[in-house]
Amino acid sequence: MSQFDFLQPKSRQIEIEQFDDRILTYVLEREQSFLTCISCGGCTATCSAGNLTSFNVRKIGLSLRRGNINDLSDEVQKCMFCGKCTLVCPRDINIRNVVLLIKKGIAQLETEKTL
Amino acid sequence: MIDKKHIAIIGGGIAGQEAASVLTGLGYKVTILEKNERMGGMLNKWSKLFPDFSSSQLVLDAVKVATDKNLNVICNADIFSVQKENGRFKLSDNSSLDVYADAVIMSTGYNLFDATLKEEYGYGVFENVITSADFEKVHKSGEKLTTADGKAPRRVAFIHCVGSRDAKTGNTYCSKVCCITGVKQAIEVTQMWPECEVFNFYMDLRLYGSKYDALYLEAQKHHKIQFIRGRLSEVSERQGKELQLKAEDTLQGRPLRMKTDIVVLLIGMEACKQNEDLCRDNALELDENRFFKSKNIYNHRNSSTQSGVFLAGSCICPMSVNESLESARSAAMLVDKSLKVQER
Ligand code: SF4
Ligand code: SF4
Ligand code: SF4
């Protein structure tokens, strides 16, 4: 390591190449409708959990699409699986199932890690 | 010399009338079949046009076909069948009317989305939820927009994409004209009530036409309209008939609640229901959005899938007034071309 590391602070830029798409692939294989999300926010507006906590289901979807999966595992715990998000989605995405699949996908990745 | 070939035009809105003017000008015999009592179609419902606030009456007056010995106008004619018979077309309505023609132009226009179907927005239930068409009616009457109990609104919210781009309503296409209508009407509200705050809730702003962005700039600069990127999830009514909106401000990434006095739903354009009837006895087809299908959407936009039947205006897809008129003129030219080819 160079002693001048501080001159090159960690970049704030999004590095597309480094995206981790393992969970995204897992979700899309099982819930194709998620491909068509346009980030309109209808789901977040109606979300039961989002009105009580900082949980934002649209942003969860966005993080997933961008391969930003570090904080997902804590976030998805807040979902109550009420399904209201799915009722309002103009793209007919089963967004409730997307959250469920993120949970499952993460669990699967963890099992693979411990094997 | 052109003989007196006869062209039937189904629909006497601006597209039908514009096509009729061109064709009578070329010496054809033309019959316009209008299902309503009077001509003019949907534009009768509109007060001012985007992008320059011209009166829609100007366009209605300009398209009015000059009385011509070759023109025949039949109102209250609800045509439900178009059949080919011995090389000509036979058009029938449900009374005893039969019209024979050498070529047909479909200019049946569009329907407005029925906003009561979007139940969560409360149209038809909450009195202060209105549609863009209701707003035009108020504007046209010369009155100012007020709440149901006659008060000046302190805040008005416009909702984009109601009945368009929404799989839940069965319409996944964009109606194209409602974004710019929303900008126009938002400005008109502040012209009525300079103190009123106006918000537009959108998913994407699609202002695609010449001079449309200038109107958007004007809305921001001179009228302080606020544009919020987020889809409305629901409207509820509170005490005193005040409304509460729920959306996400997606650019801030947080849920948003807003009280407002009036909500205006920017309703989309749908294909006319009767188009299905009109396809029954011939080779006409509808596209995936239930509008008439063109032979191809590039070089043959105005040709239907039935030879001899042509398409004009917003029965092809959602169109602005300008586009509708242009479409009608090109349909008329195509009719002329095809009849001349037949003669040879
Ligand atoms: S409502 Fe549907 S399209 Fe809109 S952000 Fe949520 S999942 Fe995406
Ligand atoms: S299912 Fe989960 S994400 Fe969807 S509205 Fe309910 S709590 Fe929110
Ligand atoms: S023009 Fe605008 S409001 Fe109308 S459907 Fe398209 S995006 Fe929605």
- Hey, among the residues in region B:140-171 that are open to solvent by 40 Å² or more (accessible area, probe 1.4 Å) and in contact (Cβ under 8 Å) with a residue 60 or more places away in the chain, which one's nearest to A:Leu87 (Cα to Cα)? B:Arg155
- What is the one condition in (1) away from every other protein chain (no Cβ under 14 Å); (2) within 14 Å of ligand 2 (Cβ to nearest atom); (3) over 30 Å from B:Leu117 (Cα atoms) that A:Glu31 does not satisfy? (3)
- Would you pick out the residues in region A:75-115 that are of a type outside the set (Lys, Arg), open to solvent by 70 Å² or more (accessible area, probe 1.4 Å), touching a residue at least 12 places away in the same chain (Cβ under 8 Å) and not in a helix (DSSP H, G or I)? A:Met80, A:Cys82, A:Asp92
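Just the residues that are of a type in the set (A, V, I, L, M, F, W, C) and more than 23 Å from A:Glu15 (Cα to Cα), please, taken from region A:58-86. Break it down stepwise before answering.
So in region A:58-86, the residues of a type in the set (A, V, I, L, M, F, W, C) come out as A:60, A:62, A:64, A:69, A:72, A:76, A:79-82, A:85.
A:Val76, A:Cys79, A:Met80, A:Phe81, A:Cys82, A:Cys85 - these are the residues of region A:58-86 that are of a type in the set (A, V, I, L, M, F, W, C) and more than 23 Å from A:Glu15 (Cα to Cα).
Filter region A:46-63 for residues that are in contact with a Leu (Cβ under 8 Å, 6 or more places away or on another chain) and within 11 Å of ligand 1 (Cβ to nearest atom) and give the result. Can you show your working first?
Step one: of region A:46-63, the residues in contact with a Leu (Cβ under 8 Å, 6 or more places away or on another chain) are A:46, A:60, A:63.
Of everything in region A:46-63, those that are in contact with a Leu (Cβ under 8 Å, 6 or more places away or on another chain) and within 11 Å of ligand 1 (Cβ to nearest atom) turn out to be A:Thr46, A:Ile60.
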- For A:Ser73, which of the numbered conditions (1) farther than 20 Å from A:Thr36 by Cα; (2) within 16 Å of ligand 3 (Cβ to nearest atom) fails to hold? (2)
- Looking at (1) crowded, with 18+ Cβ neighbours inside 10 Å; (2) away from ligand 1 (no atom under 16 Å from the Cβ); (3) more than 27 Å from B:Asp287 (Cα to Cα), which is the one condition that is false for B:Ile228? (2)
- Of the residues in region A:89-106, those that are away from ligand 3 (no atom under 16 Å from the Cβ) and either within 14 Å of another protein chain (Cβ to nearest Cβ) or touching a strand residue (DSSP E or B) at 6+ places or on another chain (Cβ under 8 Å) (or both) come to A:Asp92, A:Ile93, A:Asn94, A:Ile95
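Give the residue that is farthest from the other protein chains (Cβ to nearest Cβ), with candidates limited to residues of region B:223-246 that are of a type in the set (Asp, Glu) and over 29 Å from the mean Cα position of the chain (by Cα). Spell out how you get there, then give the answer.
Keep residues of region B:223-246 that are of a type in the set (Asp, Glu), which gives B:234, B:237, B:242.
With over 29 Å from the mean Cα position of the chain (by Cα) added as a condition, the list becomes B:237, B:242.
Details: B:Glu237: 17, B:Glu242: 19 Å.
Among those that are of a type in the set (Asp, Glu) and over 29 Å from the mean Cα position of the chain (by Cα), it is B:Glu242.
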- Somewhere in region B:12-25, is a residue charged (D, E, K, R) and buried (at least 21 other Cβ atoms within 10 Å of the Cβ)? yes
- Query: Can you tell me which of B:Asp261, B:Asp281, B:Asp277, B:Asp249 is charged (D, E, K, R) and within 14 Å of another protein chain (Cβ to nearest Cβ)?
  - Reply: B:Asp249
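Of all residues being open to solvent by less than 40 Å² (accessible area, probe 1.4 Å) and within 15 Å of B:Cys178 (Cβ to Cβ) in region B:211-224, which is farthest from ligand 1 (Cβ to nearest atom)? Just the residue, please.
Going through region B:211-224, the residues open to solvent by less than 40 Å² (accessible area, probe 1.4 Å) turn out to be B:212, B:215, B:219, B:223.
So of that shortlist, the ones also within 15 Å of B:Cys178 (Cβ to Cβ) come out as B:212, B:215, B:219.
Details: B:Tyr212: 25, B:Leu215: 27, B:Ala219: 25 Å.
This residue is B:Leu215.
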- Message: If I filter region A:34-74 down to residues being open to solvent by 60 Å² or more (accessible area, probe 1.4 Å), of a type in the set (D, E, K, R) and part of a helix (DSSP H, G or I), which single residue comes out as nearest to the other protein chains (Cβ to nearest Cβ)?
- Response: A:Lys59
- Task: State whether the residues of region B:135-157 include one that is under 25 Å from A:Ile38 (Cβ atoms), at pLDDT 95 or above and over 18 Å from the mean Cα position of the chain (by Cα).
- Result: yes
- Note on the structure: The condition from (1) surrounded by fewer than 14 Cβ atoms within 10 Å (Cβ to Cβ); (2) free of Cβ contacts under 8 Å to residues at least 60 places away in the same chain; (3) more than 16 Å from ligand 3 (Cβ to nearest atom) that B:Tyr208 misses is numbered (3)
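The values are calculated or read from the model by the stated rules, or taken from the named source; none is laboratory data. Remember, it's a predicted structure, so these values are computed and weren't measured experimentally. Here the Cβ is made from the backbone with ideal geometry for all residues, glycine too, and neighbour counts use every protein chain on show. What goes into the accessible areas is simple: the full protein's heavy atoms, side chains included, and nothing from ligands, DNA or RNA. Shrake-Rupley method; radii C 1.70, N 1.55, O 1.52, S 1.80 Å.
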